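A.B. asks: Here's a structure for you.
The values are calculated or read from the model by the stated rules, or taken from the named source; none is laboratory data. In this text, all values refer to a predicted model and were calculated from it rather than measured experimentally. Ideal geometry is used to build each Cβ from the backbone, glycine not excepted, and the neighbour counts take in all protein chains shown.
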Amino acid sequence: MKKRSASTIGTLVFSCALVLTGLLAPDRARAADDGTITIGNLVYAKTINCYGMQGWDQAMSSAAQLKSGDCGLNDGSKAGQWRLPSTYETWGANKSNGFLNAPSWPRDCFWTNREIGAAAPDYAECAGESAPNGATSNKSTPQNVVFVRPK
């Protein structure tokens, strides 16, 4: 049996999750052949964890450097257009679309773009099924990563 990479498995899980939850319905989201999925005014990279689970600083850097040609993207995007989603974009807004509800979707936290700040400089926020309103996590702890950019 052929061994598959983590990013290939992530893409398959993401695609299956979208099909199983009905997210691909035209009024909810639009999957494109360029490695993206558009939900409302946001474009999500289809491949989750394409660089593997990462610490927050690494995920922020990966988002800033992401461009067409990386992670299965063929959308013409340039470095600097992608970012980590907000808590709302990660969980709240997408829960109603079934974005994270499929049984095969990772249940652990996904990094958000929110750094906790001076009170806890080593922590940032992640959101997921176990923490729909966000939770703090040490920045060095590897978490799931999904990238988003404006439409």
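A.B. asks: Under the condition of being under 17 Å from Asp108 (Cβ atoms) and free of Cβ contacts under 8 Å to residues at least 60 places away in the same chain, which residue from segment 51-88 is surrounded by the most Cβ atoms within 10 Å (Cβ to Cβ)?
C.D. replies: Going residue by residue through segment 51-88, those that are under 17 Å from Asp108 (Cβ atoms) are 51-56, 58-59, 84-85, 87.
Next cut, free of Cβ contacts under 8 Å to residues at least 60 places away in the same chain only: 58, 87.
Values: Gln58: 17, Thr87: 21.
Top of the filtered list is Thr87.
The rows are residues; the columns are (1) part of a strand (DSSP E or B); (2) modelled with pLDDT of 85 or more.
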{"position": "Ala59", "(1), (2)": "no, yes"}
{"position": "Gln81", "(1), (2)": "no, yes"}
{"position": "Asn97", "(1), (2)": "no, no"}
{"position": "Asn101", "(1), (2)": "no, no"}
{"position": "Ser104", "(1), (2)": "no, no"}
{"position": "Ala124", "(1), (2)": "yes, yes"}
{"position": "Thr141", "(1), (2)": "no, yes"}
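A.B. asks: Right, something else. Can you find, within segment 116-144, the residue that is nearest to the chain's Cα centre (by Cα) among those that are surrounded by fewer than 16 Cβ atoms within 10 Å (Cβ to Cβ) and of a type in the set (Asp, Glu)?
C.D. replies: For segment 116-144, the residue satisfying everything is Glu129.
A.B. asks: A follow-up question, please. Looking at Thr136, Thr112, can you tell me which residue is in contact with a Leu (Cβ under 8 Å, 6 or more places away or on another chain), outside any loop (DSSP other than H, G, I, E, B) and hydroxyl-bearing (Ser, Thr, Tyr)? Break it down stepwise before answering.
C.D. replies: Numbers: Thr136 fails: in contact with a Leu (Cβ under 8 Å, 6 or more places away or on another chain).
After ruling out the rest, the residue left standing is Thr112.
A.B. asks: Kindly indicate whether any position in segment 4-27 is out of contact with any Pro (no Cβ under 6 Å at 6 or more places or on another chain), assigned to a loop (DSSP other than H, G, I, E, B) and modelled with pLDDT of 65 or more.
C.D. replies: If we filter segment 4-27 for residues that are out of contact with any Pro (no Cβ under 6 Å at 6 or more places or on another chain), which is where we start, we get 4-27.
Adding the requirement that they be assigned to a loop (DSSP other than H, G, I, E, B) leaves 4-5, 22-27.
Subset that is modelled with pLDDT of 65 or more: none.
So far as segment 4-27 goes, no, none of its residues is out of contact with any Pro (no Cβ under 6 Å at 6 or more places or on another chain), assigned to a loop (DSSP other than H, G, I, E, B) and modelled with pLDDT of 65 or more.
A.B. asks: For segment 48-88, give me each residue that is more than 11 Å from Phe147 (Cβ to Cβ) and touching a Phe, Trp or Tyr at 6+ places or on another chain (Cβ under 7 Å).
C.D. replies: Listed by number, the list holds a single entry, Trp56.
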